[in-house]
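One structure below.
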Amino acid sequence: MPKVQSGLDVLLSGSLKQLQGSRVGILSHQASVDSRLRHIISLLHARSVHLTALFAPEHGLWGTAQDQIPIVSAAEPTLHIPIYSLYGSRRAPSDDILQDIDVLLCDLQDVGSRYYTFIWTMALAMQACAKNGKKFIVLDRPNPINGIQMEGPILDLNFASFVGLYPVPVRHGMTIGEIALWLNDRFNIGADLEIVKMKAWKRRMYFEETGLPWVLPSPNMPTVDTAVVYPGGCLVEGTNLSEGRGVTRPFEILGAPYVNPEQLAGLLNREGLPGVTFRSCRFEPTFHKFAGESCGGVQLHVRDRKTFKPFLTTLTLIQRCFDLYQPLFAWRPPPYEYEAVKAPFDILCGTNNVRKMMESGRPIKELEGSWQSDCALFARERKPFLLYN
């Protein structure tokens, strides 16, 4: 028996009274499974819950689409329930679709980083349910990289986008249920909100300590190791470096055809960044940036998760590439994640200060104090909404 019961496991252990007599919609993906790897849709159908609509976030209901690929609405092939896309021309349930449900269940495995779009799909769905008088239930799941550590600047709302709609740090240290409570209260969403809490989850836990099975929540999030580096590794999307999509260790292997791997690894290892060692490597992505091209780069080997700082680490890597490889290194231009004007790197950082500092030649470590202050402020801000010790 796993140490931790997810919100789905807790819901299924009861009478499902929240759902009785209701038309139920489900916002889920392929990681929405119980401790025996059974999917929420099959489980609730077997319990005679009246399912009338399914909603798919980025990557689709079964996680088959790569990043930033619009999802097409369809029908579930076995139960013939309509699947509505929330990643494409619409990113929130429409009023007419919500007329077919009374309760919307949200069961999404998040990875603890502001850029990961599932929490913002949840936020927009909450807003739609509040507007239409529909109950919204979040089945809570672990933050896989623990619920204590935070890192990175709080989002400046001038840089709000679908990779950050509300002012949280990059690594926020909350569960998806806690974020729902915070959003609903602090931003007056007004949803009829219920959180089905986990049992036995502790904030210090990494996902492996829960005893729950890991199912990749998106195509390039294959392991918990990936989630550990992702609060930094995703920043590479805002550049013309490869973030390792198209190789077997995305966000851990980073580089480009113009990178000298030995030079970059040597410089980064001399930085003395905590909890990580850089190994020079070469790789050839099978898809995405530089598909079929030989790239030089580094692999991040995290030696100590407790001291490792993914945001600082990857910013340092990007700064070294900016310094070493001009004019081949470049910032990725928009559009990106439904933002047509602002630079992708800026909306990922939640500010343009980081990019401007790199371009000015100042050490990125000078900014770390400012986001440490941001995280201290956010620790006080989030405290009333934390559900677990």
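The values are calculated or read from the model by the stated rules, or taken from the named source; none is laboratory data. Source: prediction; values computed, not measured. Counting neighbours? That spans all protein chains shown, and the Cβs are built from the backbone with ideal geometry, glycine included. All accessible areas refer to the heavy atoms of the entire protein, side chains included, with ligands and DNA or RNA removed. Shrake-Rupley method; radii C 1.70, N 1.55, O 1.52, S 1.80 Å.
To the nearest ten degrees, helix 310-324 and the longest principal axis of the Cα atoms of the chain are 40 degrees apart. When the chain is modelled as a GNM with alpha-carbon springs shorter than 10 Å, which of F322, F287, F55 fluctuates the most? Comparing F322, F287, F55 in the GNM, the peak value goes to F287. Sorting 14-22, 313-321, 254-262 by their mean Cβ neighbour count within 10 Å, with the most densely packed peptide first, gives 313-321, 254-262, 14-22. Between N353 and A74, the modelled label-to-label distance comes to 4.4 nm, taking each label 7 Å out from Cα in the direction of the beta carbon. For the chain, the extents of the C-alpha atoms along the principal axes are 64, 42, 42 Å, listed from largest to smallest.
When D96, D107 are compared by accessible surface with a 1.4 Å probe, the order from highest to lowest is D96, D107.
Pairs exceeding 24 Å between alpha-carbon atoms, taken from K342/K383; K17/K197; K289/K365; K134/K383; K3/K134: K342/K383; K289/K365; K134/K383; K3/K134.
Think of segment 277-355 as a dipole: +1 on every Lys or Arg Cβ, -1 on every Asp or Glu Cβ, centred on the Cα centre; then among V298, F308, C349, F308 lies furthest on the positive end.
Using a 1.4 angstrom probe on heavy atoms only, work out the carbon and sulfur share of the accessible area of segment 324-389 in %.
C and S fraction of accessible area: 55 percent.
Each listed q (0.10 Å⁻¹) maps to a log10 I(q)/I(0) for segment 1-139, found by the Debye formula over equal Cα scatterers with no solvent: -0.30.
Placing unit charges on the Cβ atoms of the charged side chains and taking the dipole of the chain about its Cα centre, the candidate lying farthest along the positive direction among P285, S48, S373 is S373. Solvent-accessible surface of segment 1-160, taken per residue with a 1.4 Å probe and all protein chains present: 36 Å². Starting from 0 in steps of 5 Å, tell me what percent of the Cα-Cα pairs of segment 129-175 lands in each bin. The distribution over segment 129-175 is 5, 18, 17, 16, 21, 16, 7, 1, given as percents.
Put simply, when 233-239, 57-63 are sorted by average Cβ atoms within 10 angstrom per residue, most first, you get 233-239, 57-63. Expressed as a whole percent, the accessible surface of segment 77-212 that belongs to carbon and sulfur atoms is 49, based on a 1.4 Å probe.
With +1 on the Cβ of every Lys and Arg and -1 on the Cβ of every Asp and Glu, and nothing else charged, how large is the dipole of the chain about its Cα centre, in debye rounded to the nearest 20?
Working: 40 positive and 38 negative charges, 164 e Å.
That gives a dipole near 780 debye.
Sorting the segments 185-192, 160-167 by their residues' average number of neighbouring beta-carbon atoms within 10 angstrom, most packed first, yields 160-167, 185-192. Note on K309: aspartates and glutamates with a C-alpha under 12 Å away, same-chain residues under 8 apart excluded, are E151, E368.
Length gained on full extension, N158 to R282: 40.8 nm, using 0.36 nm per residue less the C-alpha separation.
Between the C-alpha center of segment 180-195 and that of segment 314-389 there is a gap of 27 Å. Heavy-atom accessible surface of segment 186-274, averaged per residue, reaches 34 Å², computed with a 1.4 Å probe. Calculated FRET efficiency, Q20 to L386, Cβ-Cβ distance, R0 = 22 Å: about 0.15 to the nearest 0.05. Please turn the phi angles of segment 277-288 into ³J(HN,Hα) values with the Karplus equation 6.51 cos²θ - 1.76 cosθ + 1.60 (θ = phi - 60°), one per residue in order, whole Hz, x for glycine and proline. Rounded to whole hertz, the list is 10, 9, 10, 5, 7, 10, 8, 9, x, 8, 7, 6. Hull volume per residue, based on the alpha-carbon atoms of segment 139-280 and their convex hull, is 145 Å³.
Secondary structure note: in the chain, about 50% of the DSSP beta bridges are antiparallel. Dipole size of segment 68-130 about its Cα centre, with +1 on Lys/Arg Cβ and -1 on Asp/Glu Cβ: approximately 340 debye, rounded to the nearest 20. Expressed as a whole percent, the accessible surface of segment 215-322 that belongs to carbon and sulfur atoms is 49, based on a 1.4 Å probe.
In the elastic network of the chain, a GNM with C-alpha springs shorter than 10 Å, the most mobile of M358, M150, M174 is M358.
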